[in-house]
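Below is one structure, written out as structure tokens, with a few remarks after it.
The values are calculated or read from the model by the stated rules, or taken from the named source; none is laboratory data. Not measured: the values here are computed from a predicted model. Note: ideal-geometry Cβ built from the backbone for every residue, glycine included; neighbour counts use all protein chains shown. Accessible surface is based on the protein model in full, side chains and every heavy atom, while ligands, DNA and RNA are left aside. Shrake-Rupley method; radii C 1.70, N 1.55, O 1.52, S 1.80 Å.
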Amino acid sequence: MDQNNNPPLAGADTRRNFIKKAAAAAAAVAATNPFQTPVYGQQSATSAGRVVGANDRIAVGYIGIGGWPSDCPGMGLAHVESQKSHAAENNIVQAAVCDLYKTRVEHAKEKIGTSDVTGFDDYRKLLERKDIDAVVIATHDPWHTKCAIDAMEAGKHVYCEKPMTRYLDEAFRIYDTVKRTGRIFQVGSQGCSAAGWHKAAELIRAGKIGKLVWGQGYYCRNNPKGEWNYKIDPGATPETVNWNMWLGPVHKKVAFNPDHFFRWRKFYPYCAGLLGDLVPHRLLPLMLATGNPEYPKRVVCIGTNPVDTDRNFPEALERDVAEHVNLLVEFPSSLTLTIASSTVNATSPGFVIYGHQATLYIGDQGNRLQLVPERPFAEEISPDEMSGLEPHEDVAVHEKNWFDSIRANKRPNADIELAVRAQTVISLAEMSLRLNTSCLFDEKTRKVKDGSGKETKPITYGTLELS
């Protein structure tokens, strides 16, 4: 997390100091289990892949190689580079890459630099490779679901970039597939592997701050020329990009458009904007830190375009999505979370979880934590402080957690149970913003109602003009 505005942690004079306990925090990350029921079941016959032992090398394929040129959107190339740097440590081999833009395939192959890496322009051909154990999915959002489900059906473990899906119905399709196939599924919200969030969950489950009341988080930037107005590569043309396949399930079909291809996060058919890009990085760790992540009960979201920054970049199309959003979530336990995300002001509040008896401040990419008792409970609860917690937020740490989980057949830090709950919040937030309503959710029926109690069909492809 790019946390640039960290408020000072309160209560410098403490009766105890957590610093000596910092070394134990990393172990707590692996040991933390916020869910009470098993996640991974028996593999179906159609999805059975190779059983990866503790010392076996994992063969990895990459679907979606965004991030080339260097200022274009996408985490695909970043994963290629990160996992190359840690290949020996993680005992992996980078076996194949796939993208609908030919230049990106060749660039990724060059980055990996081995003669036996194979390039594909159709992910289904990559999944036919029996020697590939796991795939990293970093396509644009409408392809997450199809690629992930097909990969798990082919016996592959999956690391899927956030947001997990474009729409709500897809989240439950992935959830049901993970439960049925038993594949190890990790969402790319790397903050979930930072020690501070896991330590917060440990303290909360131990009752150290009392009944949870509310929490807050943020992800704010300020880009005067418009966030996501990436450079357009002139080499991307209808001849070099498989545009029809790139559109995939998107209902509103358009002719090849470089603005849409390189700046797709600005447009609703491909992304929920801030709700799909930045908010997941805050929402998933905050939900993990509560110690018992829940499905939402009620979600409200507002979004505005107070600056209209695209007007400062005349060659770019104006965005569909908001420049600033405020998200408010109520959970069945009565906990509420609020998250602010902006591309037009970077000054931000801190990450805080407020309990009835004490408050937890979480800072510096998950490596600082402070417990401050409420005044009425100051004699019962001792203030505590922890700094230098490791691991801090890092993509390589999150990737390693996935590889370790594959070998141990255990749940990763951003597993399907956390991911589906967070995606439900994100999808309902988009519905609230775009339909101008509050959204009530019933986790047993998976149905959505508006504030009047009338059932509302979740947004999906074709529901709205821009979908």
**Message:** Restricting to region 277-309, count the residues that are of a type in the set (Asp, Glu) and surrounded by fewer than 21 Cβ atoms within 10 Å (Cβ to Cβ).
**Reply:** 2
**Item:** Filtered residue count, region 375-409, keeping only those that are assigned to a loop (DSSP other than H, G, I, E, B) and touching a residue at least 24 places away in the same chain (Cβ under 8 Å)
**Value:** 11
**Message:** Can you say whether residue 379 is open to solvent by 50 Å² or more (accessible area, probe 1.4 Å) and closer than 30 Å to residue 92 by Cα, as far as the supplied structure shows?
**Reply:** no
**region 74-100 residues that are without any contact (Cβ under 8 Å) to a residue 40 or more places away in the chain and among the basic types (Lys, Arg), paired with ones that are assigned to a helix (DSSP H, G or I) and open to solvent by less than 20 Å² (accessible area, probe 1.4 Å) (beta carbon under 7 Å, 6 or more apart)** = 84/112
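If we keep just the residues of region 348-382 that are of a type in the set (S, T, N, Q) and under 12 Å from residue 199 (Cα atoms), which is modelled with the highest pLDDT?
Quick first cut of region 348-382, residues of a type in the set (S, T, N, Q) only: 348, 357, 359, 365, 367, 370, 382.
After this cut, where a residue has to be under 12 Å from residue 199 (Cα atoms) as well, the list is 367, 370.
Details: 367: 92, 370: 97.
If we take residues in region 348-382 being of a type in the set (S, T, N, Q) and under 12 Å from residue 199 (Cα atoms), then 370 is modelled with the highest pLDDT.
Residue by residue, here is whether (1) of a type outside the set (A, V, I, L, M, F, W, C); (2) closer than 23 Å to residue 280 by Cα holds:
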| residue | (1), (2) |
| --- | --- |
| 113 | yes, no |
| 118 | yes, no |
| 126 | no, no |
| 144 | yes, yes |
| 154 | no, no |
| 176 | yes, yes |
**Asked** What are the residues in region 335-369 that are part of a loop (DSSP other than H, G, I, E, B) and within 18 Å of residue 208 (Cα to Cα), if any?
**Response** 335, 356, 357
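Among 464, 433, 418, 440, which is touching a residue at least 60 places away in the same chain (Cβ under 8 Å), in a loop (DSSP other than H, G, I, E, B) and either open to solvent by 10 Å² or more (accessible area, probe 1.4 Å) or over 26 Å from residue 269 (Cβ atoms) (or both)? Let's see the steps before the verdict.
Values: 433 fails: in a loop (DSSP other than H, G, I, E, B); 418 fails: in a loop (DSSP other than H, G, I, E, B); 440 fails: in a loop (DSSP other than H, G, I, E, B).
From the options 464, 433, 418, 440, the qualifying one is 464.
Say whether the condition of being among the β-branched types (Val, Ile, Thr) and buried (at least 20 other Cβ atoms within 10 Å of the Cβ) is met by at least one residue in region 251-261. Give the steps one after another, and end with the answer.
Narrowing region 251-261 to residues among the β-branched types (Val, Ile, Thr): 254.
This time we only want the ones that are buried (at least 20 other Cβ atoms within 10 Å of the Cβ), so: none.
Within region 251-261 (the criterion being among the β-branched types (Val, Ile, Thr) and buried (at least 20 other Cβ atoms within 10 Å of the Cβ)), the answer is no, since none of the residues qualifies.
Kindly provide the set of residues from region 319-337 that are among the aliphatic types (A, V, I, L, M) and surrounded by fewer than 22 Cβ atoms within 10 Å (Cβ to Cβ), ordered by number.
Taking region 319-337 and keeping what is among the aliphatic types (A, V, I, L, M), we get 321-322, 325, 327-329, 335, 337.
Passing the criteria: 328, 335.
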